[in-house]
1. Can we say Leu355 is crowded, with 20+ Cβ neighbours inside 10 Å, out of contact with any Ser or Thr (no Cβ under 9 Å at 6 or more places or on another chain), at pLDDT 95 or above and of a type outside the set (Asp, Glu)?
2. Across the range 379-412, what is the total count of residues that are outside any strand (DSSP E or B) and touching a residue at least 60 places away in the same chain (Cβ under 8 Å)?
3. Of the numbered conditions (1) surrounded by 22 or more Cβ atoms within 10 Å (Cβ to Cβ); (2) in contact with a strand residue (DSSP E or B) (Cβ under 7 Å, 6 or more places away or on another chain), Ala156 fails exactly one; give the number of that condition.
4. Give me the pairs, please: first residue somewhere in the range 1-19 and on the phi > 0 side of the Ramachandran plot, second residue anywhere and modelled with pLDDT under 95, beta-carbon distance under 8 Å, and either six or more positions apart or on two chains.
5. Look through Leu64, Leu17, Leu38 and report the one residue that is modelled with pLDDT of 95 or more and either closer than 19 Å to Phe202 by Cα or in contact with a Pro (Cβ under 9 Å, 6 or more places away or on another chain) (or both).
6. Please give the number of the condition Val8 fails out of (1) in contact with a Gly (Cβ under 8 Å, 6 or more places away or on another chain); (2) part of a strand (DSSP E or B); (3) closer than 27 Å to Val258 by Cβ.
7. Out of the residues in the range 129-151 meeting the condition of being in contact with an Asp or Glu (Cβ under 9 Å, 6 or more places away or on another chain) and either surrounded by 23 or more Cβ atoms within 10 Å (Cβ to Cβ) or aromatic (Phe, Trp, Tyr) (or both), tell me which one is nearest to Val8 (Cα to Cα).
8. Assess whether Ile329 counts as being closer than 27 Å to His176 by Cα, hydrophobic (A, V, I, L, M, F, W, C) and modelled with pLDDT of 95 or more.
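The values are calculated or read from the model by the stated rules, or taken from the named source; none is laboratory data. Model, not experiment: these values are computed from the prediction. Methodologically, a virtual Cβ is constructed for each residue, glycine included, from the backbone with ideal geometry; neighbour enumeration extends over all protein chains shown.
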Amino acid sequence: MSTPRIVVTGIGASSPLGGTAPESWDGLLAGRSGARTLEHEWIEKYQIPVSFAAEAIVRPDTILDRPVAKRLDPASQFAMVAAMEAWADAGSPDVDPDRLGVDFATGIGGVWTLLDAWDTLREKGARRVLPMTVPMLMPNAAAGNLSLHFTARAFARTVASACASSTESIVNAIEHIQDGLADVVIAGGTESAIHPITMASFASMQALSRRNDDPGTASRPTSIDRDGFVMGEGAGVLILETEEHAKARGAKIYAYAVGGGVTADSYHITANDPEGTGASRAVRAALEQADASPDDVDHINAHATSTPVGDPNEYQALKSVFGSRIDDIPVSATKASTGHLLGGTGALEAIFTILALRERIAPPTINITEQDPAVPFRVTGETQDLGSGDLLAISNSFGFGGHNAVVAFRSA
């Protein structure tokens, strides 16, 4: 039996650059930054040393019906809003519920629900803790609620592999369709963790940029003066289906999802392997599944978080795959504009990769004051022309715990 070709027919996003996928893409191309000073009393109350982040530009509870929003943690709210956009964008596929699946992801899950409930317990007692607390805080809440909303009965699976989560969910969706488990899959990831505990924790481990006086330029991947990542939030969703199913219903096709690779470093719980062996194996696996070689790759959306150690490690991992050609491949480091959405970042960047192929341009990477000689990616503050013909691109995600996930797309 031949392996079905898999296509992307719908995209949706809620991000620090826009309330929809097109708005987010337009903001990216315009070179905007989603990072802003936080207007929350808890910054001063808890003396959080980093006072800015990339909050989503549109709050999901202003879009969802109030009864729906009240039963969802903000992370699940973002997932629902982005999924509704993607589903409508795909033409609201008419699909047998038993052949519709959900592969979804989060890095942290319902942190706001969990810690708000803890405050309620301490201050008001057990009887005041809401009965919906556990269904709202559990990491699989987004996947479960999407399954309910769209009547997806093939499966509703959750990935929680830190910052690699939503890229891994997309890879899983590809494999699940190839294995014949579904005709259509709602895939992606979400995060809403701009919270005092996460901000304080990441700041304590020296992972966040400290540029409180200039948030818009704080995330500067590959720049020699980078000093950490910027927290972001939001969600990205892709509708994936077999080419046969998409063409039978006359759906538009954004791109072909042609391969994925998932590996583990087994090196350190927070630091990635400086040799990049796990990351490079994930890239090779994605290309092998795509029936492609390193010479075929036309564009890379790098993980590139703007941390002093992570960026050069990623460069070395890619150099081990592409050799000296890595310096000639147009690269985009889009976290410079969006911040780091943790479990939602891979899905948002997959959307950017797909749109880059569709419009045949690599998005700009802002805030590079002077490129680090240790990270000589071909990045620029302007868009880069990807040329004509059949294009192949990969999007990388790496996460705490040693998780590596890479997904490959071909132009339609």
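1. Yes.
2. Final tally of qualifying residues: 10.
3. Exception for Ala156: condition (1).
4. none
5. So the residue among Leu64, Leu17, Leu38 that is modelled with pLDDT of 95 or more and either closer than 19 Å to Phe202 by Cα or in contact with a Pro (Cβ under 9 Å, 6 or more places away or on another chain) (or both) is Leu38.
6. Result: Val8 fails condition (1) only.
7. Ala143
8. no
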